[in-house]
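Working notes for the structure below.
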Amino acid sequence: MGEFKVHRVRFFDYMPTAIRAMAFNAHTERLALGRMDGSVEIFNFADRYFQEKVIPGKDSRSIEALCWVGGRLFSAGLNGEITEYDLENLRPKYSLEAYGGPIWTITSNSQGAHLAIGCEDGTVKLFEVLEESIQFERNLDRQKGRIISLSWHPSGTQIAAGMMDMIRVFDVPTGELKTAMLLVDRGFGGSKSRETVVWSVVFLSDYTIISGDSAGKVQVWDGHTGTLVKTHLVTKWDVLALSDESSVVVGTSEGTVIQFQFIAPTLQQQQDKEWVRTRTFKNHTHDVRALAEIETAIVSGGMDTQLVVRPLLEKFDERSHASALRKIQFPHRNLVFCAKKAGLLLFQFPGQLELWRLGESDGHVLFLCDICLQGEDHICCSALSSCGGWLAYSTMSSVRLYRLQTDNNDISISKVPKLPKILRSAHQLCFSSDSSKLFAASSQSSVLVIALSQSECKYVHTLKPKSGQQPIHLMTNSVDGKWLATANSDCEIHVYNVQKLKLHCIVPVYGSCPSAMGIHPTTNNLTMVHADQQIFEYSIVEKQYTDWSRKLQKQGLHNLWLDRDTPVTHVTFNPKNPEQILLHDMHMFCIIDQSLPLPDQKTQFYNQMTLRSLSEQERPSHLHAFKICKTFQDLLSVSLLDDQSLVMVERPLLAITCQLPAPVRQKKFAT
Amino acid sequence: MVAHAEIRVVHLSGSKINFREPVITNDSRFLLCASGESVKVYSSSSEECVHDLQGHTDLVSGIVRNPSNHLQVYSCSADGTVRLWDFTDGILIKTFIIGYPIYSIYVSENHGGVVFVVVPMANDKSSELFQLVAVHLPLSGDQEVEARELSAVLCDVSPSGAASFGRKGEYIAAVKGLQLEVFFFKKQKSHRFFLKSGNKKGAKNAFTCVSCHPKEDCIATGHEDGKIRLWRNFNQKKEYTYSTLHWHHGAVNTLQFTPEGTNLLSGGIESVLVQWHYTQENQKDFLPRLGGAITHIAVSPDGSLFCTSHSDNKITIIQSCVKVSAIIQGLVKGEGVRTDLTIDPRSKALVLNGKPGHLQFYSLHRDKLLYNLDIVQQEYIHEEGLDQFEVVKAAFDTRGDWLATVEERTQKGSELEINLKLWVYDEQTQSFMLNTTVIAPHEDQITAMCFSPSPETTMLVTISFDGHFKAWLLADHSDTKEGASWSCDFVGGYHHLKPGCCCFSADGSLLAVGFQEVVTVWSPSWELLTTLSQPPGAIRDLCFGRLSCSKYLLGTSTKNQLCCWNLLTCSLEWSTPVDVSLLQADPLSENMAAFCSQSGCSDLFVFKPGEPRPLYSQKALCTGKVQRAVFAPRDQMLESCEEHAQWLNRSQLYFFTQHMDLMTFSTKTEEDRLLASSKRLMVDDSVAVTPFYLLLGKHRQHQEALTNPMAERIQLPQGSIAIKELLYTPAHVLPSASFLCSMFVRSLLISSSSASEEKEPVEEEMESEEEDSEGEAELRDARQDLGGSAAWGPGEELGAPALTKAQERELRRVKHFDHSWLSSVLEC
């Protein structure tokens, strides 16, 4: 495998924020996820739950609910605004004040023509969805008390609203309150004096209303008569989220997800079905704040910041990667940047950047500085040049470039004052290896080339692809400074000749989004790893896949490799040994040695332990190309410095859990 | 051995009543449970045993209500028969012979005429695999019917209590290991559901029990790790679903839905009955502190009464899940009997350790627990791994005034704690009161103790591994107010050897203590009179002979020796090389019983010390070693004339087998008397003897002579006669009214002359005797034809006809007498 000196870095205090809202678009198979800090993430469920896009948050923005209308994404929050997002430029398109105080919920009808929002002042406001914007239409009958949750009847003629202590049903065409008025009784014992919050309602097509409230009850109501059909007491604490498809899923503040199914009491006659509590999943330690039930799985997220995809096993015929439980804890992009020559580390937080210098073998590290942002926008990307002389970051509204001068332990940071006007914001930033150029990914997959020098920085050119609308999420350049490769969410990979400033070629589009790529320093082969774990190697010079890549595709990757559940987020090369490609995902670090035979399905894949037990003579016959090391867990970044030492940035999940607020106290048996 | 066949080894009393699920009758008045080889009918309100349904010849392994008649129950047994009983009158209605040992029985009202039984896989009788088969019960008027129409339903089921019928009997669910199997009768198709063994997170998914909802299609299963799963949509291979309930921390032993399906009852080791509200699973009610791990739950058909069986051989009857209304307690048998079996001289009850820290007084004659005496008087904590005080020895003096108990506690890393307690019988409270507690009477375990039988002194001798024996005397402290208390009088030893056993002679004039290989004999003034030794081997048991044999002392050694010393000559009278594991003397006669273990089996020899030939011997009494034995005096003497059975006349020998079954010996005369007494009870119970009764009886006598042997056989097991049958048999089992009518009318024609009347009975009697013997012979033939298992003890079966004869003769005599009275009435 080769021997490396390892810097094991555990001082990156990365802390994801809690999940607040979720909306699944069954048509495009995209899940929109809203976090507490106002950021929105888009996951592509068709492509191994890959995190395609991240819209950075803003201090003043809060998200209480998300809602898809067709391909458009809306959010509403306690700041009283409705926001539509521009998913191509990864920014809010516009925000609209609803004039109803804080907004608790937003939901669209099944026709996609109207949005309904529930406001603090007790109004349900209807907005008409227009081509480019939305327009306020009218208020429904105003009620006393806030509207916490809303649900449209699938026909669009009625809407159920969950309020304090009650549920009301409105007739949408007239805007009047229907006679049905359901009083939700309060909890037992001491909580009797407190109001019950109906956190969630679901209006089913058979006019059944299902509600979840803060007294821990899930109640089934008849929407015609407004009578209570059934009460399920599921928890001592709050029932926070509901979601329905063929079954109803309930999330509670103790971290459990409970499934209710509509089951006939007897096997033969299928008429008198009842909602029966069936399965309980406990994958969260904290409140489950958001839920989505997709066709084959239950997706849940909450205070413990992780997104859990729990497949429903009866929907699968056989065990595969799709039927395995999946937890998404880390973002599928880089937050750590490493200056290979200077030995500097840059950590990106939403509101600040931290710069560290790696020490010698004695493990001494030095905190150099942190750069805090002014303004309320969060950082969307940053970059550090490999010489350690330049640092750049971008927010939604501006790009900042800094000149770093390190002198032993002192550092001086000077902001480059005048940046070209065209450089307004960037989705990705990248310095050329000789630090003479800065590449900034801009709108419509274009790349701005900025020449850097001591005195000034100058706009050089805009590299534009022939086609492409989606934002660039990956960018890499070659060591010799000749090639630049970009990848966007449409899975297109463009290779530009930086010297000639023109598009060199387009790599054949593969169906899955690339999650990491790198250009080999000597051969200039582009190695790409996709979200579905496939690996390709493309010769930029010859404009075709390399023989090794063809061989790999012909033979196929090992099943154990394909079944891994986190994408590879980083590809680097070993300059000393050009045969080696270094990859890592969250749970493992891998060196692919292209000189060794590829493993077939019968080979023992994770063979490091076996190799260690074998004698020197036997070893070569058992070697294969994939050398996997699982010593390091919860990896955020792996990079190889020029002095052949590896930097492993770990963020133990336990440390994240420790920083979370205390969960709801539960009596555990035998404690 | 043929001669000995009349003495049978039986489960007479003290058998397990928690072996299988009890059954509550439709009107909730009676509770039926399997108890050894019989089915006991208890009154659910008074806890009294009303009937003892006897007839099976092996362990009864299941009882179910007859779904088509609420006054009948089916019972099944390892003897390969299913019997139909009328439990209100205690009558055996029918016997269905299946031919394979049966382990469980299930019925459903939607499967008329079919019972489902669990039998071993047909190909291999000794295998551990069992199958559920449906047995079509043939419709035949005969008493004994062979039911050979078997059809397999499920293969590989667990032998006991792990199957349940679903709604309207449409399917049956059975669990075993990690598999739930549901068989749909309509489609003749079964669905199997598997769980993972689930080793992680302490999950143990193996199924333990199953119960089906009576109204909805929902199956509840209990699991090793205490979870309960409710399965729904189980007619689909993949879309099935289940929800999980979890309260029990140990395995769920049993589950039962209430008849309307509104509640689910579960029980386990926690001794808490949990009542789950169906569809409101978060709400549950508890009935805690039931006193022992719950093994079975039964619910009355109207749902008003629950009963739970417990691991300490107890059945608790619970009214509407809130109130324990009755407790039926059997003999408590833990893992072992620490104390020896003793007989309380006052109550003649069997005394042994029962509940933790208690002594139980169990009446063998009434088969009932009399009371528990709390010896340790400390709270028992139900938790594994705790060392708590246990009663290890108990002894009574001859009059039953004093009881001595020893309790000990061994703790790892600390010294042994021993307490000797002496209890005095208090006439006023009719119970034992603590008189003296001696803390640490010896420095090591007390191996044996006995009271001196001499009437002058009240003395107790304890011997211990510390090398000493101590004599304790009741000293009267009349000066203090405390009254009499016990104190140590003498400490003796012999060459620092460890004593193992001790025995007083019948008059209390000699004390023999066995010090390893040496037997020392002491006088009451504590002089060492003599030592006897017969090496090699340490002395295991010592026994003085009684009555005419009181000059003998018997001892057994670990090296396969049974020695008999003559105390007059102080020499060895005789010795034989047998490995006697237990030697027991009958306090009422000269007899001694020696249990020998040989090649995995136990043999019994009963002998008199002075005679060379054993009175009785039985080879292969039971498998394994006999743990404990005791001679229990009978309340009534038997007048058995057979030589080999005479030793059982005064006392009965009870013993514990390896599996903690209490067995005893029963003789033919005893069984006769038992049945006779039950019959007498019936007659006593009856309403006044009416002329009608007698007339019909008279007629029946005539009929009897004419009826075929088959009809004769009907009467055999109950030993009933025609009148009784007519009056006692419920209407639904009687022959048709037309048949009875003609009989009755004919009987009214009393035109026969008084002269012929004199002779007729004699003829009749002879005839009927012939018939009887014929019937008996045929019965025996039938048995052989069936090729029934070798375990069939013919004793009881053959005993019954003889009794019937004798009894009938007696009754006839009575009837003749009465008839004359009747005629006088008629004349008037």
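Step by step: first the residues of the stretch A:225-236, then only those that are within 13 Å of chain B (Cβ to nearest Cβ) and touching a strand residue (DSSP E or B) at 6+ places or on another chain (Cβ under 7 Å), then the one that is farthest from residue A:280 (Cα to Cα). Which residue is that?
A:229
Quick one: how many residues across the stretch A:124-145 are among the basic types (Lys, Arg) and buried (at least 21 other Cβ atoms within 10 Å of the Cβ)?
Here the count works out to 1.
Counting only residues that are in a loop (DSSP other than H, G, I, E, B) and away from every other protein chain (no Cβ under 14 Å), which one in the stretch B:204-216 is surrounded by the most Cβ atoms within 10 Å (Cβ to Cβ)?
B:205
Could you list, in sequence order, all residues of the stretch B:293-350 that are within 16 Å of residue B:364 (Cβ to Cβ) and under 17 Å from the mean Cα position of the chain (by Cα)?
Hits for the stretch B:293-350 are B:313, B:329, B:330, B:331, B:332, B:333, B:337, B:341, B:349, B:350.
Filter the stretch A:109-121 for residues that are surrounded by fewer than 19 Cβ atoms within 10 Å (Cβ to Cβ) and among the small types (Gly, Ala, Ser); which is modelled with the highest pLDDT?
A:113
For the condition surrounded by fewer than 21 Cβ atoms within 10 Å (Cβ to Cβ) and more than 25 Å from residue B:326 (Cβ to Cβ), what is the one hit in B:95, B:57, B:81?
One residue alone meets the criteria, B:95.
Just to verify a result, which residue in the stretch A:252-273, among those that are facing chain B (nearest Cβ under 9 Å) and of a type outside the set (A, V, I, L, M, F, W, C), is nearest to residue A:310 (Cα to Cα)?
That would be A:259.
Look through B:173, B:134 and report the one residue that is outside any loop (DSSP other than H, G, I, E, B), closer than 21 Å to residue B:83 by Cβ and of a type in the set (Gly, Ala, Ser).
B:134
If a residue has to be within 26 Å of residue A:285 (Cα to Cα) and either surrounded by 20 or more Cβ atoms within 10 Å (Cβ to Cβ) or within 14 Å of another protein chain (Cβ to nearest Cβ) (or both) to count, how many in the stretch A:314-371 make the cut?
Of the residues in the stretch A:314-371, 8 are within 26 Å of residue A:285 (Cα to Cα) and either surrounded by 20 or more Cβ atoms within 10 Å (Cβ to Cβ) or within 14 Å of another protein chain (Cβ to nearest Cβ) (or both).
Only one of (1) of a type in the set (Phe, Trp, Tyr); (2) closer than 30 Å to residue A:577 by Cα; (3) without any contact (Cβ under 8 Å) to a residue 24 or more places away in the chain is not met by residue A:669, so which one is it?
The failed condition is (2).
Listed residues B:175, B:157; which is more than 23 Å from residue A:274 (Cα to Cα) and in contact with a Cys (Cβ under 8 Å, 6 or more places away or on another chain)?
Exactly one residue qualifies, and that residue is B:175.
Based on this model, can you work out whether residue A:432 counts as under 16 Å from residue A:386 (Cβ atoms), crowded, with 21+ Cβ neighbours inside 10 Å and not hydrophobic (A, V, I, L, M, F, W, C)?
So residue A:432 fits the description; yes.
Applying the selection to the stretch A:493-536, what residues are within 28 Å of residue A:452 (Cα to Cα) and either touching a helix residue (DSSP H, G or I) at 6+ places or on another chain (Cβ under 7 Å) or outside any strand (DSSP E or B) (or both)?
Across the stretch A:493-536, the qualifying residues are A:498, A:499, A:500, A:501, A:520, A:521, A:522, A:523, A:524.
Need pairs with beta-carbon distance below 7 Å; first residue more than 19 Å from residue B:511 (Cβ to Cβ) and within the stretch B:558-569, second of a type in the set (S, T, N, Q) and assigned to a strand (DSSP E or B); sequence gap 6+ or separate chains.
B:561/B:575; B:562/B:556; B:562/B:575; B:562/B:576
Would you confirm whether or not the stretch A:199-217 contains a residue that is more than 25 Å from residue A:21 (Cα to Cα) and within 11 Å of chain B (Cβ to nearest Cβ)?
Checked the stretch A:199-217: no residue is more than 25 Å from residue A:21 (Cα to Cα) and within 11 Å of chain B (Cβ to nearest Cβ).
When residues of the stretch B:482-525 are filtered for being within 14 Å of residue B:463 (Cβ to Cβ), touching a strand residue (DSSP E or B) at 6+ places or on another chain (Cβ under 6 Å) and not β-branched (Val, Ile, Thr), how many remain?
Counting residues in the stretch B:482-525 that are within 14 Å of residue B:463 (Cβ to Cβ), touching a strand residue (DSSP E or B) at 6+ places or on another chain (Cβ under 6 Å) and not β-branched (Val, Ile, Thr) gives 17.
Identify all residues within the stretch B:234-246 that are buried (at least 19 other Cβ atoms within 10 Å of the Cβ), under 12 Å from residue A:278 (Cα atoms) and facing chain A (nearest Cβ under 9 Å); write none if there are none.
B:241, B:242, B:243 - these are the residues of the stretch B:234-246 that are buried (at least 19 other Cβ atoms within 10 Å of the Cβ), under 12 Å from residue A:278 (Cα atoms) and facing chain A (nearest Cβ under 9 Å).
Enumerate the pairs (first residue in the stretch A:486-502 and closer than 16 Å to residue A:444 by Cα; second residue anywhere and surrounded by 15 or more Cβ atoms within 10 Å (Cβ to Cβ) and charged (D, E, K, R)) with beta-carbon separation below 7 Å, excluding pairs fewer than 6 apart on the same chain, so at least 6 apart or on different chains.
Sorted first by the residue in the stretch A:486-502, then by its partner, the pairs are A:489/A:52; A:489/A:53.
Can you name every residue in the stretch B:273-296 that is in contact (Cβ under 8 Å) with a residue 12 or more places away in the chain, within 11 Å of chain A (Cβ to nearest Cβ) and part of a loop (DSSP other than H, G, I, E, B)?
B:278 - this is the single residue of the stretch B:273-296 that is in contact (Cβ under 8 Å) with a residue 12 or more places away in the chain, within 11 Å of chain A (Cβ to nearest Cβ) and part of a loop (DSSP other than H, G, I, E, B).
If we keep just the residues of the stretch B:79-105 that are free of Cβ contacts under 8 Å to residues at least 40 places away in the same chain and either in contact with a Pro (Cβ under 7 Å, 6 or more places away or on another chain) or polar (S, T, N, Q) (or both), which is nearest to residue B:17 (Cα to Cα)?
Top of the filtered list is B:81.
Restricting to the stretch B:339-357, name every residue that is surrounded by fewer than 20 Cβ atoms within 10 Å (Cβ to Cβ), of a type outside the set (Ser, Thr, Tyr) and part of a strand (DSSP E or B).
Matches in the stretch B:339-357: none.
Listed residues A:667, A:627; which is within 14 Å of chain B (Cβ to nearest Cβ), over 28 Å from residue A:356 (Cα atoms) and over 22 Å from the mean Cα position of the chain (by Cα)?
Within the list A:667, A:627, the selection yields A:667.
Would you point out which residue out of A:249, A:276, A:299, A:308 is away from chain B (no Cβ under 12 Å), assigned to a strand (DSSP E or B) and closer than 17 Å to residue A:208 by Cα?
After ruling out the rest, the residue left standing is A:249.
Counting only residues that are assigned to a loop (DSSP other than H, G, I, E, B) and within 11 Å of chain A (Cβ to nearest Cβ), which one in the stretch B:217-233 is modelled with the lowest pLDDT?
Ranking the qualifying residues of the stretch B:217-233, first place goes to B:233.
Determine, yes or no, whether residue B:265 is surrounded by 20 or more Cβ atoms within 10 Å (Cβ to Cβ), within 12 Å of chain A (Cβ to nearest Cβ) and within 26 Å of residue A:264 (Cβ to Cβ).
Judged against the criteria, residue B:265 is not a match.
Let's see how each residue does on (1) over 21 Å from residue B:644 (Cβ atoms); (2) under 38 Å from the mean Cα position of the chain (by Cα); (3) modelled with pLDDT of 85 or more; (4) not in a loop (DSSP other than H, G, I, E, B):
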position	(1), (2), (3), (4)
B:513	yes, yes, yes, yes
B:535	yes, no, no, no
B:541	yes, yes, yes, yes
B:556	yes, yes, no, yes
B:583	no, yes, yes, yes
B:606	no, yes, yes, yes
B:613	no, yes, no, no
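Scan A:425, A:414 and give me the residue that is at pLDDT below 90, under 20 Å from residue A:333 (Cβ atoms), in contact with a strand residue (DSSP E or B) (Cβ under 9 Å, 6 or more places away or on another chain) and not β-branched (Val, Ile, Thr).
A:425
The values are calculated or read from the model by the stated rules, or taken from the named source; none is laboratory data. This one's a predicted model, so the numbers in the text were calculated from it and none came from an experiment. For neighbour counting, all protein chains shown are included, and Cβ atoms are generated from backbone atoms with ideal geometry for every residue, glycine included.
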